[in-house]
Amino acid sequence: MTEPTAKKKTAPRKAATRKRAPAAKKAAAARKPARKTPSVKPVSVLIVGAGFAGLGMAIRLKQAGINDFVILERGNAVGGTWRDNQYPGAACDIPSNLYSYSFAPNPDWSRSFSGSQEILGYIHHLVAEFDLEKHIRFEQNVAELSFDDKTGVWTATTDKKAVFAGRAAVMAQGPLSNCSFPAITGIDDFQGHKIHSARWDHDYDFSGKRVAVIGTGASGIQIIPELVKTAAHVKVFQRTPGWVLPRPDFATPAWNKALFRKLPASQQAMRNLLYWTHESMALAVIWNSPLTRIAERVARLHLRRQVKDRWLRRQLTPDFTIGCKRVLVSNDYYPALQKDNAKLITWPIARISEKGVRTVEGIEHQVDCIVFATGFDVSHSGTPFPVKGRGGRVLGDEWQGGAQAYKSINVSGYPNLFMTFGPNSGPGHNSALVYMESQLDYAVKGIKKILQDNLKMLDVKEDVQRRHNKEMQKRLARTNWNSGCKSWYLTEDGFNATMYPGFATQYAAQMAEFEERDYETV
C-alpha cells in the first residue's frame, strides 16, 4: 500500500507544470501515455430477461446457427414471472400442452393445467436441454439500453455499472415482471403483515390468522381457495366481479404420457386440437357476437351451479361484456367464498388503517395480514428502464401518449432492437406462447439480415409504423376490450396498447413475412 506522503511529494512538480508555456504543455502531453478507454466487444445479440421469452429467443437463435449471444437476467435464477409467482394455488389458465413451445414439447405434464412449480421445472428443462446457462449473466439488472449511431451497437449498462454490447438487442423482460403495492391511502400505516402475490412470503404462517385479500383477478381467485384452508377468517375485497368459466383440469394418466413419448405426433395432434378450440373462443371474447352470449350463458350457469345464494350470485355477476376484462377460469373460487370462514366484501375501500381495511360505509375490518392480489405494473406508455435510440431519442418519452410499434416487435428510430410481448401483441383467447413463437421467428429473420449483410442499422420506416398502428387502433375500436369497461389492457384515457385485435392465426400470418422494403438499412 502506498503511503500518503508519497503523493504529497508530487505536488510541487504539478504546480510547476501548470506554469509551462503552451508549447511545453503540448510536448509534455505528447510524452504522457494515452489513457485507455475500456471497450466491450459486442456480441451478435443481447437478450434482456431469462424467462420464457428470453430463453425461447436464445433457443431459436441457436437453431438458426447464431451462438454469439448473452442473456442478462436481473435475478439469480431463470423463470421470470413463473419464478416470481409462487403463491399458493398458482397455475396457468391455458392448457399445458398449449402453454409450452412447439419446438420443445413436454410429454410428461402431470395435469391438463399445470401449476407454477411444474411450469418452472419446464423452464429449467429448456436451459439444460439447449445448454443455455453458459450464455446467462445472472444478477445483471439493466439500468439503461442505448444505441450508438456511429457503430450501430446497442450497449446495456446494469445497476452494477457492468457494460454489455451487442449488434442487436432483444427486450424480453416480459410485461408481467414488475410489481408494487397499490396506491391505497394509508397503506404504510398498517401495522400487520403485507404480502404481494408476486413476492410471496413463504415463511408467514396463516394458521389462525385473520386475512384480507384485495383483488379478485387471475391471481386472487387462485389464492383465496388456498387461504380458506388454513386461515381463521378470510375477507375478500372485490372491486369488480369477473366472468369465471369452469376449468377442465384432469390428472394426466400414465398411458397418455407414454403415448406422447413414443408417438410425438399424437402430442402435436392434441396441441392442434387445443389451439383451434381456443381460436374459436376469439369469436366470443374479442368481438361481440352470438358466441359472446353463449359464453356468458356458460359462465352464468357455472355461477348458478356453484352459488345457491341469490344475493351472493348478484354480487358476483359482472355488468360488462365478457372479454372486456380478462376472462377467469376456476372450479374452486366460488366454493371457497361460501366457506364459513370466508366473506365477500363489495363496499369500496376508503383507506388502509393501522389495524386493517376501512370501507366507505365506515366499517373497519381488522386483520392480521393483507394479501395484495393486485397484479403487475403493466406499462402502456413507458419502458422498464431508459431505452435510447438514434440521436439520443428516449423511447419512454415517445410512448407517453401510448406505446406503439411495428408488428409489436420494432419501433422506428430504434434500429436493431426487437421486442417480445411488445405493443398490441397480447392474446385474449389463446396461448401467449403461440404469439411468442411468431415473434421469436420474426426477430431471428431480422437479426440474420443484420449479421449476414453486415448492417449497421435495420430501422423500420416511420410511415410504415404509423400506417400499421392506425389500422391496429381502427380494428381495436370494434373489440370487446374497447367497449367501455376499465381494465389493465387500457391506459387511463382508453388507449389500447396491449391487445391484438384478431385471431392467433392472423397474428402468425402478420409475422410470417419479413418485408425488407418496410425497413431503412444502412
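The values are calculated or read from the model by the stated rules, or taken from the named source; none is laboratory data. Computed from a prediction, not measured in an experiment: that's the story for all the values here. We place every Cβ from the backbone using ideal geometry, glycine too, and count neighbours over all the protein chains shown. Just so you know, the surface numbers come from the protein's heavy atoms only, side chains and all, with ligands and any DNA or RNA stripped out. Shrake-Rupley method; radii C 1.70, N 1.55, O 1.52, S 1.80 Å.
Worth pointing out:
- Residue list for the range 323-354, filter: of a type in the set (F, W, Y), more than 30 Å from P501 (Cα to Cα) and under 29 Å from the mean Cα position of the chain (by Cα): Y334
- Checking N85 against (1) under 30 Å from K456 (Cβ atoms); (2) surrounded by 18 or more Cβ atoms within 10 Å (Cβ to Cβ); (3) of a type outside the set (V, I, T), the condition it does not meet: (1)
- Subset of the range 54-82 (residues that are open to solvent by 10 Å² or more (accessible area, probe 1.4 Å), over 16 Å from the mean Cα position of the chain (by Cα) and under 19 Å from N141 (Cβ atoms)): V70, N76, A77
- Single residue of the range 410-465 satisfying the filter (of a type in the set (V, I, T) and under 20 Å from the mean Cα position of the chain (by Cα)) that is surrounded by the fewest Cβ atoms within 10 Å (Cβ to Cβ): V434
- Unmet requirement for N288, which otherwise passes all of (1) assigned to a loop (DSSP other than H, G, I, E, B); (2) open to solvent by 70 Å² or more (accessible area, probe 1.4 Å); (3) within 17 Å of Q238 (Cβ to Cβ): (3)
- If you filter the range 479-522 down to residues that are in a strand (DSSP E or B) and open to solvent by 20 Å² or more (accessible area, probe 1.4 Å), you find that the one that is nearest to A403 (Cα to Cα) is L490.
- Filter result (more than 28 Å from T383 (Cα to Cα) and among the hydrophobic types (A, V, I, L, M, F, W, C)) within the range 126-144: A128, F130
- The residues listed here are I59, I119, I71; of these, the one that is assigned to a strand (DSSP E or B) and of a type outside the set (S, T, Y) is I71.
- Number of residues in the range 219-237 that are buried (at least 20 other Cβ atoms within 10 Å of the Cβ) and under 19 Å from N331 (Cα atoms): the value is 11.
- Checking each residue in the range 355-374 for being at negative phi and assigned to a loop (DSSP other than H, G, I, E, B) picks out K355, V360, E361, I363, V367, D368, A373, T374.
- If you go through the range 164-184 and keep only what is open to solvent by 30 Å² or more (accessible area, probe 1.4 Å) and either at pLDDT 95 or above or within 30 Å of K448 (Cα to Cα) (or both), you end up with F164, R167, Q173, P175, L176.
- All of (1) more than 27 Å from D108 (Cβ to Cβ); (2) over 25 Å from the mean Cα position of the chain (by Cα) hold for I224 with one exception: (2).
- Matching entry among V285, V357, V298 (being within 30 Å of P501 (Cα to Cα), among the hydrophobic types (A, V, I, L, M, F, W, C) and touching a residue at least 60 places away in the same chain (Cβ under 8 Å)): V285
Yes or no, residue by residue, for (1) of a type outside the set (F, W, Y); (2) touching a residue at least 12 places away in the same chain (Cβ under 8 Å); (3) surrounded by fewer than 17 Cβ atoms within 10 Å (Cβ to Cβ); (4) assigned to a loop (DSSP other than H, G, I, E, B):
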site: D201; (1), (2), (3), (4): yes, no, yes, yes
site: G208; (1), (2), (3), (4): yes, yes, yes, yes
site: G217; (1), (2), (3), (4): yes, yes, no, yes
site: P248; (1), (2), (3), (4): yes, yes, yes, yes
site: Q267; (1), (2), (3), (4): yes, yes, no, no
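- Subset of the range 85-136 [free of Cβ contacts under 8 Å to residues at least 60 places away in the same chain and under 19 Å from A258 (Cα atoms)]: S96, A104, N106, S114, E118, Y122, H125
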